[in-house]
Structure formats: structure tokens, C-alpha cells
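First up is the structure itself, then whatever we jot down about it.
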Amino acid sequence: MSSKDIAADEFLSGDAAAAEGAIAVGCRFFAGYPITPSSEVAERMARRLPEVGGIFIQMEDELSSIAAILGGSWAGKKSMTATSGPGFSLMMENYGLGIMTETPTVIVNVQRGGPSTGLPTLLGQGEFMQARFGTHGSLEAIALSPESPQECFDFAIRAFNLAERFRTPVILLMDESVGHLFEKVRIPPQRNIEAVSRKLPEEVPYPPFRADEDLVPPMPPLGDGHHIHVTGLTHDDEGRPEMTPKMQEELMGRLVNKIRLYKDEIMDIEEDGIDDADIVVVAYGITARSARRAVTLAREKGIKAGLFRLKTVWPFPTERLRELAEQGKKFVVAEVNTGQALIMVEQATRKDAVFVGKYGGEPHKPFEILNGIEEALHADN
Amino acid sequence: MVTEAEKQRLLEREAATIPRGDVYIVEERCKGCGLCIAFCPKKVLVESDRINEKGYHPPELVEKPPVDVCINCGFCERICPDFAIFVKEKKVNNSEQ
Amino acid sequence: MSRTEIKIGGFGGQGVILAGLVLARALSLYEGKQAVFTQEYGAEARGGSSASGVVIDDERVDYPYPLNPDIMVLMSQGAMKTYLPLMKDGGILIIEKDLVRLDKIPESVGEFHSIPATKLAEEVLHNKIVTNIIMVGFIAKVTGVVSKENIKRSVLEMVPAKVRELNDRAFETGYNYDEGAE
Amino acid sequence: MPIIKADKYPLDPYLRTERLPHVWCPGCGLGIVLNAFLRAMQKLGMDPDKTVVVSGIGCTGRTAGYVKMDSFHTTHGRAIPFALGIKAARPDLNVVVFSGDGDLFSIGGNHIIHAARRNIDITVIAVNNFIYGMTGGQLAPTTPETSITTTSPYGNLESPFNMAGLMAIAGASYVARWTTVHARRLEKGLEKALSKRGFSFVEVMSPCPTAFGRRNKMKGIIDSMMYYQKYAIIKDNPNPLDGVIKPNEKFVIGEFMDAEDEPTFDDKLWELTKRDFLETSQADRAKWILEHRRHLETLATLIAGENIAPQEGEMDE
């Protein structure tokens, strides 16, 4: 019996776990450029991919890294890159190409403090909005935010499955703390890993952008006589450039709706002690772990607080938060930036939230969020 | 050594097999750039008075004697940027010349 | 065991990261605990400040960083200044005897231990690189936070095969160090 | 004898004919380059089903849209890494990058030198028209000194890249430069580039009568094309350092590099996935890697100009 047939426990960093998750779900192509704090993803891939018959390439920069994985994906491989802040900014243009050309791929961003070079080795969560609105134009994004190495592993698998299911790039939005901390990761036997693969067309030639009823087109492989044309220009379902307002409406409508219509299938939220809570703490990534402690401390003090954790940060659970607001609950938002999820929470709940932000460098101490909870308790709204 | 008689025979054979071409055009693709006309080594093409649907003057063959004829060299089809003009070999013999 | 926090502080090159990692790994994989390992380091690859944290719990560890360490291991004067004030009252303090100068053991310290790990590495094992593993052996012995068998397994699995024997001896040197002997 | 009207062109099977006429201006050399490329493919019997064309952005970038093959019109400057991704993942496919000088050497400059250095087995057809055509005639990294463009209205102050020389030095296995006037040699050069294993690069100097010629004393389409006939000198095995192009001076065309076939970057990547290679000793792996890159030796002889004359000793029996 090979080791793949039985579950194995490994003590891994979040970065390494993300790489292992990708390999477990069938990622066989990685192109990346070293950048702290994501380099361990690339290092793990460099060692592991050849062992499983996969290709690792260290590219000359992040612009080429993402271009290469888009090419790798069209060439039929499940493909991934990993980067951090400045590199993520450099990838934004071709992230847009990936959206426009409906190319399944996974982009790992291990967030650090920014803007610019900022805090290369230290925590930030400043790309919450960039993950959603970072590239130009109209789109719906999918981004997952793990809080532990186990989730880095599990969410890497899910990120690929969503990418392949919806034919779109998916962002695994990690942060330095989660990327660098080590914890036990249970790696299930290979047969227990659910791996989704892109739909393939049944006819040859098949137009590369002719969608099924679910709005997702089957993806023709290269070299099989499909003679596909793929362009970043606005195009018809054959891939022919057609730069008209009408085609833009049609194409964007489908690209956006193929995500929006399946929002409930994509969204994954952890609600812990929300039902009876007066105060709801919204957090994601490492901050959720501080928030969980803060909620426990609040409960010990008799304050009914609960944790609303965004395991998927995009699409955003606007409806659910509005429902909770309508029940009269108050909100605290904790994140390592100057207020990004805050904007979404306040828009969803239509009321002010108590914001517990940090500019970056270190995660929240639990008492900092506890203070926020107490402040919310005494606020008027 | 090649004898004079042999030389003559060779020359005759060569004359008999000088390739001749027919010139074809996909007229609606022509943008009237004139490159085929300018670069034809035998100068068999001229701009026509006709205009195609895009408003360009496609080339036509020189008609007025004395003119050279298309030798099927294929340069026009290589220099044409528009996949419009091409030649095909026409087999001829001496008596037709 | 409820939440227990361990902090190991020193300077880059002393191997405090690996020391924390082998400890957390042993607890997590072989002792059935939930354990998180975290690290702090400066920008310099060598010589800057360096620290690792281990948080252990029976249930899922929420906040993963040590807040008030129950066990504090200090291997440099710099680390002493930074981390000693964070120690939990009644906790266990372990120092590198020759590198940490402590005028007076704070009253809040519940238990105090010291070991000249660097000197032992140089004089007994003739290799400074195993200072951290000597320290790991000593931590295991004096705190009892992890069984000897499990921590040794973790150490030997984490080091390259060719230095396994050296690390084994280093571990035993630390584990068997007799504080009272000097 | 009238000109015969046709509704099909011999290369039509390789073209998305429904998209013709193409967007390129009358007299633009791009169609000539595409024509030569398709002829070379035809001559070599290359299977269009197994050939992928990748383009960047710009006039040349539109090429991908006209070939009846799997084709990608990517983002500005990123055709090379996109193509590299395809080739690395599917080494069985022929991957051809068709793009312009600005796309490949300005915004994409970093990628092309690294692709050449790695010796990935792709063919790059770089059309050099001295200008940014699609955006209206701005300065390019190839614009000759003193030329007038919309962003160098007083004459270009910068020195252009010697693209062919740069590629030869960076590590390309095959480098040639031809012009659209040298259509037959261009076709042959492309045949050679396409059949070459490793990174092959063909620079094609091609007129842009609309955005360059007009402002630079080339009165019209024919003038723009005649420039290449007037100034090009064909050389055998030229020194890559002699690939510099100066305004209204003779310039060298020919094959600047033709290194021996050897395992390419994609070959090496796949070799690495083989268990026996992974399990061999590091020393053996190192030996294998080093054995398979002799580019520098070829380059040295080219630069020394000794490549044509037989080396001393070779004459002896």
C-alpha cells in the first residue's frame, strides 16, 4: 500500500500546506517568482512537482509567472502561481486576462504589510479589496481565506475545484501569519480527495466560449483540431474579437452571472455562536483566530458575542449579514488594514460597525478585539 | 567536354521548358498597395482602372505589346501582403510561343 | 492540559527556530496535542534576533502566538530583555547560562533552570551547531512537557541522516545535564 | 491574357478566411511575413492542428487572429511567457510567437531575453517595423536614431536595440534577420527556425508606410519597401555584434546564430520528472545539465569571426 492510500499527518507551514493541497488536487504546473512571505510555496513546489510528474518553473518576474500559468492551463494542466503583495499587484493585468479568457487557475497571495515593499516578512491583509477589484474592468472574483495550514491545504483543493468548475482564476488569499505558522495537517488518502476537472467539449471543433446552460463553456484542449482563438479583446463565443457595446453586455453578463448565480454554492462562512449573539465579529485569515479568542473572552465576561468568519471572502455574504443586522445585532470588523471588509459589512448591514484595524506587522492581540466588542456593546446603533 | 551541338540541344530544351504562369487574384482582398506591380521581375502587372468593393485598384496584366510574360516565379504571391494574388504554372511548348 | 505557551528566544544562527519546531512537531504528531509553531526573525539571515513560539492545547488553538509564556527559554541577552517581562507568573524560566546575564531571578518565576548549552556543544560535541538540540533535550527533561521518546523521534526525523548520531548525542547531553554538578 | 479571378488562395486552409481582408494597412509588411510563415509550415508539412500561435498586442499581435490553428492573442508584452507555459506543459505542440518589436523588446523585453537564455523550444517571429503602429506611430525600442515619430518629433535621441545580436548573445539556438523584400530567403529562414530545436528567433524588418515611412522620407508604400532593398547586405554567418541598424546606412541581414541541436529547456523539465533522473546522484545530474548547453562556444566563434574558415587542425587527416 502506497502512502497515498492512507491518511497521513504532517506538521506543515501554511505555505507548504497550500502547495501540498494543490498537488493533492492535481496541480501539475507551477510558475512563480520568489517573494517573501510566499516563497515557501514555490520552494515546496520546486521539490515536489517533479516527483509527481509535474513542471515547476521559476520565472523572471510575476508578470511572466501568471502569463505562464495561463498558458499551462490552456495546455491542459491544473496550474498555479504564488506571490505576495507587490507581486500580486504585478499580476493584476493577466488576472484580468484569465477572467476574460475563462482560464481556470489558482493564484496564491500570501499577504504582507504594504503598500509597496512595506513589511516583507510581516503580516498584512491589505489585498481584500484588490482581490476583488484589483484588475481593471468588470468582474466577479472568487477568493478564499484560510486561517490554518489545514485550511491552506483544504482551500487549495477547493480553489482548484472552483477554478475548474467555473473556468475562472481563483485567489487563495492567505496572509503572512497563516503562511508561516506550522500546525498539523491531515492529508487524506488520495481517493478521498475530490478533484473537479474542467468540462471538455464533446464535438470537434467546439467554440472555446460557447457556454452550456450553467453559463460555463466547456474548454477545448489544444492540439485536437479545435483551432480555438483566445483573446483578451471582447469576443463572441468563437473567440472572434467583436468590440461592440452589445457584445460587451452579452459577454460581461455571462462572465459575471456564471459566478453570481452560484454564489451560494461558492460562499463558505463559519458562524460560531452567532444565533444568540448581540455582537457579531467579522474577521478572516489570521485575524479570525484572534477574534475567536476575543469572543471566548467576551463570553467569559458575559457578553454575547459570536464569530462570523469569512472562509470565502469573495463572493461576499451581503444577504446573510443584512439578515443578522435586521435581527438587531451589532457588528465589529477586525482586519489588518485600514478598513476594507468594513466597507462591505457596513454596506451589507446598513449600519456603522466598530472597526478594529491594524496597519500591519502583527496580528491583533485578542484583547484588542475584545475592546472592540465592548465598544460595540455600548454603542447606540 | 560539351560539344557545340550538345550545347545547342540543351539550350533548345531549356527554352522549351521555361515556365509560364497564369496569374490569379482574389480581388476583394486586394488593397491596391502596388507591391506586386513594383516587384514583378518581368513587369507583367499594372494597376487597373477598376475598383474593388473596398475602393482599391487591383492589378491587371500588361496587354500592350511588346511585353514579357509571367514566368511563374511566384514573387508576386510572396510580396502580396493580402493573400490576394497568386500564380499557377502553365505548361507550354515552343510552338505556342 | 489547557493552553500552554512556550517561547524560545535568541539570535539568528543559534537554531531557536528548529528547537521550537521539533518541539511543536513532537507534541502535535506524537503526543496527540494541538500545537502551533510560530517564528519571529529580523531581516538578517544571521545574527539578528530570532524567536520561536509554541502554543499547545487539547482543543483547537485559537490565537496561535504565545501571549504570556508558561515556559520561557532565553538564549541571548537581547531575548532576555525583550521576552522576560512577558512571562507568566509561576512559569518555568530556562536560560543559556553563559549568554544570559541575570542579576536576580524575578520573584514571579516559579522554576528556574540554566544550562551552558553552547559550551557543551563546543566542548563535548565539538560542534556548535547542535547547541539548540542540547537545549531541546534539557527543556524536555526539566519541563516534562513532552516525553523523551517522542521529542527524540521528532529531532531525529528532522535532521539529515548524516548528522543523526551527532544530534542524538547532543540531545542526550542536554537531557542528562546535571545542573547541580557545577 | 487576362488576370484570372479566384475566390480561393492557396494558403487559405491555414487562414481564418472569414476574417480577411485583415486589419493591416495597404503596403504593410505584416501580411508578407504571415504569408512566408504559412508557406514555411506548408513546406515542412507541419500539422496546423499541432501548432499554436501566440501573439501579444499591437499590429503584429493581430496575427493570431488570422491563423486557423489554436491561437492566443494575449496581453501586451506577455506572449513569450504565455507561450512558454504552453510549451512547457505540452512539449508535443509546435509553439510559435508572432509579435512586434515593441511588444517583444520594450514591454516584454525581460521575457524574451530570459526565454532565449533558457532555450525553450519555441519559434519567435519578431516583426520589426521601427515603430508603434497600432497606437499611432510612437517611438519604439527599434526606432533608428534621428527618426521622426509622434513621440520623438525632433528626432529620436535613443539608440535602438540590435535585436538579432541580443538574442544570439542571450542564448538563442537560432537567430536570423531578413526583410519583407527578401521574401524567399525569409521563407527559408522561417523553415529553418521552425525545424530548429531550441529557442529560434527570426527578426523580420518590415515596412510601416503609414506610421513610419511617411514621416521619414519614404514617400509611399514602394519607397518604404525599397529601403530594405537599398540598404540590406546579406552576409554569411555575420558577427551578432554587427547587427546594429543605423538610419540610411547599410545593415546586415542573414543568420546570426545556428547552434547545434541539443536538449532544450522543456526537454530538461520533463527529464526532471523521470524517477531515474531524480534518483541519480547530484554529480550525475550536474554532468547531464552541463553537457547540454554548448551555445557559448558557438557564440564565441561567431564573435571572433572564425566560424567560416576551418579551424587549425581540422585540415589534417
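Observations, loosely collected:
- Stretch gain in nm, segment A:Thr338-A:Leu233, where the contour uses 0.36 nm per residue and the Cα spacing is subtracted: 34.3 nm
- Cα gyration tensor, the range C:4-181 - rounded (a/c under 1.5), prolate or oblate: rounded
- All lysines inside 17 Å of C:Lys81 as judged from Cα atoms, apart from same-chain residues fewer than 8 positions distant: C:Lys7, C:Lys97, C:Lys104
- Probe 1.4 Å, all protein chains present, accessible-area order of A:His226, C:His126, largest first: C:His126, A:His226
- Comparing mean-square fluctuations of A:Ala288, A:Ala334, A:Ala75 from a GNM of chain A with C-alpha springs under 10 Å, the top value falls on A:Ala75.
- Here the contact order of chain C, divided by its residue count and restricted to Cα pairs under 8 Å and six or more residues apart, works out to 21 percent.
- Under the Karplus curve 6.51 cos²θ - 1.76 cosθ + 1.60, θ = phi - 60°, whole-Hz ³J(HN,Hα) for the range A:182-194, x wherever Gly or Pro sits: 10, 8, 5, 10, 8, 9, x, x, 3, 5, 8, 8, 7
- Accessible carbon and sulfur surface of the protein assembly as shown relative to its total accessible area, %, 1.4 Å: 51
- Using alpha-carbon coordinates, inclination of helix A:39-51 to the longest axis of chain A, degrees: 40
- Sites C:Val163 and D:Asp261, calculated FRET efficiency, Cβ-Cβ separation with R0 35 Å, nearest 0.05: 0.20
- DSSP-loop chymotrypsin sites (Phe, Trp or Tyr not before Pro) across the range D:74-176, with at most 16 other Cβ within 10 angstrom: D:Tyr154
- Sparse packing (at most 15 other Cβ atoms within 10 Å of the Cβ) combined with a DSSP loop state is found for the following GluC sites (Glu not before Pro) in the range D:227-267: D:Glu249, D:Glu260.
- Test item: Cα-centred dipole of the protein assembly as shown, Lys/Arg +1 and Asp/Glu -1 on Cβ, debye: 1820
- Over chain A, Cα pairs under 8 Å with separation of 6+ residues give a relative contact order of 17 percent.
- For the set A:Lys77/A:Lys365; A:Lys246/D:Lys8; D:Lys188/D:Lys230; A:Lys365/C:Lys33, the pairs lying more than 30 angstrom apart at their alpha carbons are A:Lys77/A:Lys365; A:Lys246/D:Lys8.
- FRET efficiency, 1/(1 + (r/R0)^6) with R0 22 Å, evaluated for A:Lys4 and A:Glu271 via beta carbons: 0.05
- The label point for D:Leu241 and the one for D:Asp284, both projected 7 Å from the Cα toward the Cβ, are 4.2 nm apart.
- Considering only beta bridges that DSSP places wholly inside chain A, some 35 percent are antiparallel.
- Computed on chain D, with alpha-carbon pairs under 8 angstrom and 6+ residues apart, the relative contact order is 16 percent.
- Once both labels are positioned 7 Å from their Cα atoms along Cα-to-Cβ, the gap between C:Asp89 and C:Ser147 label points is 3.5 nm.
- Rounded to the nearest 10 degrees, the angle from helix D:295-304 to the longest Cα principal axis of chain D is 60 degrees.
- Heavy-atom accessible surface of D:Leu272, to the nearest 10 Å², is about 60 Å², with a 1.4 Å probe and all protein chains retained.
- Calculated FRET value between D:Arg293 and A:Ala46, using beta carbons and R₀ = 22 Å, to 0.05: 0.65
- With a simple spin-label model that places each label point 7 Å from the Cα along the Cα-to-Cβ direction, the separation between A:Glu326 and C:Ser108 comes to 5.0 nm.
- Between 0 and 90°, nearest 10: helix A:62-74 axis offset from chain A longest Cα axis: 60
- Spatial separation of Cα centroids for the range A:186-234 and the range A:339-381, in angstrom: 42
- Here is the list for the range C:102-182: trypsin sites (Lys or Arg not before Pro) lying in DSSP coil, each with at most 14 other C-beta atoms within 10 angstrom of its C-beta, are C:Lys104.
The values are calculated or read from the model by the stated rules, or taken from the named source; none is laboratory data. Predicted, not measured: the structure shown is a model, and the values here were computed from it. FYI the Cβ positions are ideal-geometry reconstructions off the backbone, even for glycines, and counts take in every protein chain you see. Note: areas computed on protein heavy atoms with side chains; ligands, DNA, RNA excluded. Shrake-Rupley method; radii C 1.70, N 1.55, O 1.52, S 1.80 Å.
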